[in-house]
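K.L.:
Can you read through this structure? Questions will come right after.
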Amino acid sequence: MDSLTDQRPVCLTDLTLSHLTDYVKGMGLPAFRAKQIFKWVHQKLVTDFSAMTDQPKSLIQTLEQTCTLAAPTIRRRQQSKDGTVKYLLQLADGNCIETVLMRYHYGNTVCVSTQVGCAMGCRFCASTQAGRVRDLTPGEIASEIYTAQKDTGERVSHIVLMGIGEPLHNFDNVMDFLEIISCPEGLNIGMRNISLSTCGLVPKIDELAQRKLQLTLSVSLHAPDNAVRSSMMPVNDAYPLEELIPACRRYQKITGRRISFEYSMVRGVNDSPAMARKLADLIRGMGAHVNLIPINPVDGSPYSATDEENVRRFRQMLEDLGVNATVRRRLGADISAACGQLRREDAKQAAQNGQA
């Protein structure tokens, strides 16, 4: 924990309630101040210390001198005809990330990024084309939700960690974020309303299982054999299906939570009847759910989306083979919906304008 003598300002948005309590006690203040400050930051969503009206002026002055709050700015905002809102958010260091608010009948879901860029190299994804720049802090991830909620004036009830970055590649910060966002003194979003997506980092799946969180784990599968999956996802070379699927079974056994497999439908690559049969054989007996995803086109990618009729046939074949499958509703198709696409467009435009 940073001390008051540390030259670097402490971002209070990054601190879980227990960490904030330790920090406040280290300042010689009573523990109840931590809970008050936490509510201001994570429930009332203030981004200015002076707004904390129940805090002593001397404490406000100290916080202003030694601390910061995560407060990204909206660099670009696009709203789809279906109500989906996509944000390009600029962080304090100038890096940009993407956040998406999606409106469903059961409430608003925000898809958050967990890294600036991504190191996983999936060949159908725009997020990874420029590589990973850095991890997001817990407060930066949380501030994506706070920014969307304040911009729309609407409560966020569900979260998916499926934006830019691999959440399990930023494990510790993501775990702190989950603690912050589910805290009763904050937004209090229950774990059962949170989904975390991974490309399949087996050791981290095992580590996550030991936490026994009640979130939904979504595994980006995208192919039922190693040859095709490795051609789409380099991570498969490190953690092939012979390691990934047993890890998924262990996760289910330890947590009691059903896993969801994401399967992006790519024309002529993984959308044949033979692939459907292989997929059913691979996950049979798990009671898992398969989420079929018609991919969004990405500049520079060799992949194109399979047609809607073939997606329906693939889904029906899985159902006939005893696998529960649904087709993800496509939202925001008219607003650079592919993950990482808006960030790439902005960087390209900046370069053309001589700003990069």
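K.L.:
What does the convex hull of the Cα atoms come to per residue for the range 2-109, in Å³?
P.N.:
126 Å³
K.L.:
Just how large is the dipole of the chain about the Cα centre, in debye to the nearest 20, putting +1 at every Lys and Arg Cβ and -1 at every Asp and Glu Cβ?
P.N.:
Details: 41 positive and 38 negative charges, 147 e Å.
It comes to approximately 700 debye.
K.L.:
At a Cα cut-off below 15 Å, give the aspartates and glutamates reachable from K81, other chains included and same-chain residues fewer than 8 away excluded.
P.N.:
By straight Cα distance, K81 reaches D334.
K.L.:
Measure up K35/K57; K204/K278; K39/K86; K212/K253; K44/K150; K86/K150 against 20 Å on the Cα-Cα distance and list the ones that go over. Don't skip to the answer; put the middle values down first.
P.N.:
Values: K35/K57 17 Å; K204/K278 26 Å; K39/K86 27 Å; K212/K253 10 Å; K44/K150 10 Å; K86/K150 14 Å.
From K35/K57; K204/K278; K39/K86; K212/K253; K44/K150; K86/K150, over 20 Å: K204/K278; K39/K86.
K.L.:
Right, next: Could you point to the residue in G190, P56, P138 farthest towards the positive end of the chain's charge dipole, with +1 and -1 charges on the Cβ of Lys/Arg and Asp/Glu respectively?
P.N.:
Farthest towards the positive end: G190.
K.L.:
Sorted by average packing, counted as other Cβ atoms within 10 angstrom per residue and highest first, what order do 74-86, 216-228, 159-171 take? Write out the running numbers ahead of the final one.
P.N.:
Working: 74-86: 16.3, 216-228: 19.8, 159-171: 23.6.
Going from most to least packed, we get 159-171, 216-228, 74-86.
K.L.:
I've got another one for you. How compact is the range 64-132 by the rule of thumb for globular proteins, expressed as Cα Rg over 2.2 N^0.38 Å?
P.N.:
Working it through for the range 64-132, the quotient is 1.33.
K.L.:
Okay, moving on. Please list the equivalent ellipsoid semi-axes of the chain, computed as the square roots of five times the alpha-carbon gyration tensor eigenvalues, in descending order and whole angstrom.
P.N.:
On the way: eigenvalues 283, 104, 65 Å².
After scaling each eigenvalue by five and taking roots: 38, 23, 18 Å.
K.L.:
Among T16, A31, L45, whose Cα projects farthest towards the positive end of the dipole of the range 10-68, with charges put on the beta-carbon of Lys, Arg (+1) and Asp, Glu (-1)?
P.N.:
Selected residue: A31.
K.L.:
Further question on the same structure: Cβ neighbours within 10 Å, averaged per peptide: list 230-241, 31-42 in order, most packed at the top.
P.N.:
Numbers: 230-241: 17.5, 31-42: 19.9.
Ranked by mean Cβ neighbours within 10 Å, highest first: 31-42, 230-241.
K.L.:
So which trypsin sites (Lys or Arg not before Pro) in the range 237-298 pass both tests, a DSSP loop state and at most 16 other Cβ atoms within 10 Å of the Cβ?
P.N.:
Values: sites: R249, R250, K253, R257, R258, R267, R277, K278, R284; in loops: R257, R258, R267, R284.
For trypsin sites (Lys or Arg not before Pro) across the range 237-298 that sit outside H, G, I, E and B with at most 16 neighbouring Cβ atoms in 10 Å, the list reads R258, R267, R284.
K.L.:
Moving on. Over 5 Å intervals from 0, what percent of Cα-Cα pairs in the range 100-247 sits in each interval?
P.N.:
Binned Cα distances yield the sequence 2, 9, 19, 22, 19, 15, 9, 4, 1, 0.
K.L.:
Oh, and also: What distance in nm separates the simple spin-label points at S272 and R328, each placed 7 Å from Cα in the Cβ direction?
P.N.:
2.5 nm
K.L.:
Would you mind getting the Kirkwood hydrodynamic radius of the range 10-68 from its Cα pairs, rounded to one decimal in Å? Let's see the in-between values first.
P.N.:
Details: mean 1/r = 0.0890 Å⁻¹.
Kirkwood radius, the range 10-68: 11.2 Å.
K.L.:
A further question on this structure: Post the alpha-carbon centroid distance, the range 14-55 to the range 94-117, in whole angstrom.
P.N.:
Each part's Cα centre sits 25 Å from the other's.
K.L.:
Assign unit charges at the C-beta atoms only (+1 for Lys and Arg, -1 for Asp and Glu), then state the dipole size of the range 10-68 relative to its Cα centre in Debye, rounded to the nearest 20.
P.N.:
About 200 debye.
Computed from the coordinates by the stated procedures, all read-outs in this text should not be read as laboratory data. What you see is a predicted model, and the numbers here were worked out from it, not measured in a lab. Heads up, the Cβs are rebuilt from the backbone with ideal geometry, glycines too, and the neighbour counts pull from every protein chain shown.
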